[in-house]
């Protein structure tokens, strides 16, 4: 039934009756006209009550779904009249006592509820009367002060989804009774009855599962009792050990070996595993054949990675804090003639200090030599020994490299357009050139460029002096630099358009060179935002600031020697001064009596958080 409902919903989204959007999560929004139609069609089954509206004098017996958002306790008290509700969404702000007493009455009366959503910030406990809701499928509680769960919660054996603040779901003793539960995002194991890993044995409807504190599993037999391999709907699995010093490495290996997931798994994450090698089942492609997303983090003793490159559906791989790994893909069973990572789209590698090369000697990515043929996003951070890629992947759109030992970048040698949209080069002291000017005609998609703390960079082309040709110019939205002299290198010198310029992290910059100021004037028709951050020695802003007639936003963060703001353009709509700043600057531009307040008083939005 759920799957069929999901199919119908997907059809509505596809036909734009319902729009999908993301805001700290995925949400769906109904068009006004569709909403009015839905209200009309469901007026005898659905009711929405908010402050300022009154309950209808006659409530139909067919009412099944109720949404209440109010601060009026009288409205809350009347909810108990609706004994046949299937869904209740309750948003209520009152004292804890009022919240609890009102909720008790609702739970006593509304025994037919399938869905209960309660947002009550002052609520401290869920009443024991929740045991009456034997048909409940979905339970969602939002409260900042919740401290206690009822023991009877584990008896609601029809529950499919439970959303509680923080990780209170781990406080449910005997959670294994909830055999219909489909999501258990983080189950904290304890060496106490009702909280051991064996609780998972019969929870075979789980689709998402996170297990924390795996160091509390005593032996391989106890790990095996979870029977993960039998959970035929499991698509998301996270396995976490706590970051403790007293760990038994052999026990970690035995526990992981006996937590083999089913073949239907799509997303897999391991954190704080201390074994030198992964489990045997991870080194066999067949058990993990369908994986699409993998994350390994804080596996400090791990020396070799499983053959992730052979997974045909893998789209995202994240590796972080694994200081002993030397190769991304090792030679495995003599199989060195396959296309490594054939569908990988996102690759993130953080703090792999020993990583030397992408493939172990003797491994060929493919007969055509193509590396990461589908890669769209590549993020590298603190991998100082990593060898340069022979050429950047042909579909790459975002490249970020922090503290990497490369001396340059290598674009594909063909004549095809380069789809790169964002390039970040940060804290790379070895880099001497970036071949942007050489490939200007192919870089039409580039919009965001960041070059920070690269002290040996002498050219944005393969040669020290490169001129742009064929009237091809960069059109950037966002440019981040630490050294203003970079602006004088081609192709930045001949840039056609720029919306945002950020100058950050330069302890030596005292004032702006005249050439850099002239450059800023050149882009003033399109320049809307200027940011100055972490400039410990800067004493003055560009003198050309007043002439930037398109500038709307000016941000200054941690510029402690700046004493004055030169005449600002009348177009400015927002001024922000944050972090450490000079006492004289604060005094001169105070709203209540500052001598130079009148110079910025015309700006509509002024924020100061020194």
**Asked** Of the listed peptides 18-30, 532-544, what is their order by residue-averaged count of other C-beta atoms within 10 Å, with the highest listed first?
**Response** 532-544, 18-30
**Asked** Which of the peptides 83-89, 323-329 is most tightly packed, and how do the rest follow, going by the mean number of other Cβ atoms within 10 Å of each residue?
**Response** 323-329, 83-89
**Request:** Please give the helix 32-41 orientation as an angle from the longest Cα principal axis of the chain, in degrees from 0 to 90, rounded to the nearest 10.
**Result:** 10 degrees
**Message:** Please report the spacing between the Cα centers of segment 267-330 and segment 1-30 in Å, no decimals.
**Reply:** 33 Å
**Request:** Give the calculated FRET efficiency between residue 155 and residue 590 to the nearest 0.05, with a Förster radius of 60 Å applied to their Cβ-Cβ distance.
**Result:** 0.45
**Request:** For n ≥ 4 DSSP H runs only, could you compute -39500 (n - 2.57) per run for the chain, divide by its residues and tell me the 222 nm figure to the nearest 500?
**Result:** -3500 deg cm²/dmol
**Request:** Quick one: check the C-alpha center-to-center distance for segment 427-458 versus segment 59-88, whole angstrom.
**Result:** 61 Å
**Computed FRET value (nearest 0.05) for residue 266 with residue 522, which takes r as the C-beta separation and R₀ as 60 Å** = 0.75
**Prompt:** Once both axes come from the Cα atoms, what is the angle between helix 96-109 and the longest principal axis of the chain, in degrees from 0 to 90, rounded to 10?
**Reply:** 50 degrees
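Percent relative contact order of the chain, based on C-alpha pairs within less than 8 angstrom and at least six residues apart?
4 percent
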**Euclidean distance of C-alpha centroids, segment 138-216 and segment 483-530, integer Å** = 55 Å
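Any read-out appearing in this document is the output of simple, stated calculations on the displayed coordinates, not a laboratory observation. Just so we're clear, the structure is a prediction, and the values are computed from it rather than from any experiment. Cβ coordinates were reconstructed from backbone atoms using ideal geometry, including for glycine residues, and neighbour counts include every protein chain displayed.
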